[in-house]
Amino acid sequence: MFESKLTKIIQMLNKKPRKLIRKDYKEFVLKKPCLVTGNIGPDPHHLRNLNGLTGMALTPTDEYIVPLTRTIHTEFHSMTDEDFEARYDINLVEELHKLHDEFVEHMRV
């Protein structure tokens, strides 16, 4: 799972508890441009169903966020994940992996 990969690597590097890793990752993502428009000022979108939790009231942790603008984020919630990815020719899980890898490198510096 994403959580174990990201968390284990960062904990090895900094010996930080999981909660601080999530906070650091969220701050990192908030500085990134929108994955669709490239505009700065993202509105983080939580990718669902990646950590085994499902349900309307269960928001995934911040380890599962990707940057979208408010407009694109609102649009995302008006369609299915598949329709959104097809419309913008994007794979959000792959983008999440890239962000995690970039974050790990960022934390090593």
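Read the figures in this text as sums done on the coordinates, not as results from a lab. Source: prediction; values computed, not measured. A quick note on method: Cβ atoms are made from the backbone with ideal geometry, for glycine too, and the neighbour counts reach across all protein chains shown.
Neighbour counts of C-beta atoms inside 10 Å place M107, M79 in the sequence M79, M107, starting with the fewest. Could you tally the net charge around E95, taking each other residue with its Cβ under 12 Å from the Cβ of E95, Lys/Arg +1 and Asp/Glu -1? Neighbour charge sum, excluding E95 itself: -3. A simple spin-label model places the labels of D89 and T74 2.7 nm from each other, with each point 7 Å out along Cα-to-Cβ. Within straight-line reach of K26, meaning a Cα separation under 20 Å, sit the following aspartates and glutamates at least 8 residues removed in sequence or on another chain: E3, D43, D62, E63, E94, E95, D101, E102, E105.
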